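What follows is one structure encoded as structure tokens, with my remarks underneath.
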Amino acid sequence: MFARAERAALRAVALDSTLPEVQLALARSYRVQFKFNQALRVVDRALELDPNATLAWALKYEILTALGRAAAADSAAKRAVQLDGLSALVLNNRAVSLASTGSLDSALWYSERSVEVDPSTRLWKRTLGTLYAMAGRYDDAVRLCSAGAESERSCADVIGLIAGRENARAAGLAQLGARSHAPRTLGAPTWSAMVYAHIGMPDSMFSRLRVAIERRDDSFGYLITMPMFAKYQGDPRWDALVGEVRRR
């Protein structure tokens, strides 16, 4: 599927390489295949053609985040917000970018706006729920989670795990394990890896990161610079997994 999308985008570029939308489609096809360096070169071409292309800036943020270039990614996220402050995608990107630098209050503001703009997208809600838990807003995190398809008990267990509630640890780990292995769950491998990193379980974290890379998990380009991962970057397994992706 990914290769077909790349071939279609390459044909479109061959027909007319002056259209920024065509370059953006090609960049996306590289991004979903985790060919992040190729994607960056192409999205920069799109921005040369149209410096005000909001979606190109949003995509550049995701690519730079995946490559670990946090400062440049933050600049791309800021530029996207300047161009379109009503896009749920753009607002979510800015929230994660701010959370990655420890600016949790500002991250929450953008994340809440993202969910207000588009309350139907699970990824935006997952971002906000995680930020609520990180900020100690346990009740808000559980309320948001249980408003979806998951039970209040399941939500309370996982959010309690993130929030560091010892009485929720065993049940939270069981729920996290079930979520981690759910097929076709948007963002599950990278998100669960982030939670394992947060609670100090590196073996489980690296196991889920491996799955995220194998699945070409869509949220890898949003979450991999979150601060929970920082202390594990000296582990040889980090370079073997994340470093290998960034060298492609």
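The numbers here are math on the coordinates, done by the rules we state, and not lab data. Not measured: the values here are computed from a predicted model. Counting neighbours? That spans all protein chains shown, and the Cβs are built from the backbone with ideal geometry, glycine included.
Worth a mention:
- Taking packing as the residue-averaged number of other Cβ atoms within 10 angstrom, the listed peptides 196-203, 71-78 run from highest to lowest as 71-78, 196-203.
- Angle of helix 169-180 to the longest C-alpha principal axis of the chain, folded into 0 to 90 degrees and rounded to 10: 30°.
- Full-stretch length increase - D235, A178 - with 0.36 nm per residue and alpha-carbon distance subtracted: 17.9 nm
- Global form of the stretch 1-70, assessed from the alpha-carbon gyration tensor, a/c cut-off 1.5: oblate
- The C-alpha atoms of the chain define a longest principal axis, and helix 2-15 lies at about 30 degrees to it.
- Peptides 52-58, 188-194, ordered by how many other C-beta atoms sit within 10 Å of their residues on average, highest first, read 188-194, 52-58.
- Length gained when the stretch S151-R122 is fully extended (0.36 nm per residue, less Cα-Cα span): 8.9 nm
- Peptides 98-108, 32-42, ordered by how many other C-beta atoms sit within 10 Å of their residues on average, highest first, read 32-42, 98-108.
- For the stretch 31-72, the residues whose amide N sits under 18 Å from a probe point set 7 Å from the Cα of K78 along the beta carbon direction are 52-54, 57-65, 69-72.
- Sum of -39500 (n - 2.57) over DSSP H runs of 4+, divided by residues of the chain (222 nm, nearest 500): -21000 deg cm²/dmol
- Principal-axis tilt of helix 122-134 within the chain, Cα atoms, nearest 10 degrees: 50 degrees
- Cα gyration tensor category, rounded, prolate or oblate, for the stretch 111-154 with a/c compared to 1.5: oblate
- Counting only lysines at least 8 places from K60 when in the same chain, those with an alpha carbon closer than 21 Å to its own are K35, K78.
- FRET efficiency, 1/(1 + (r/R0)^6) with R0 45 Å, evaluated for T18 and A171 via beta carbons: 0.20
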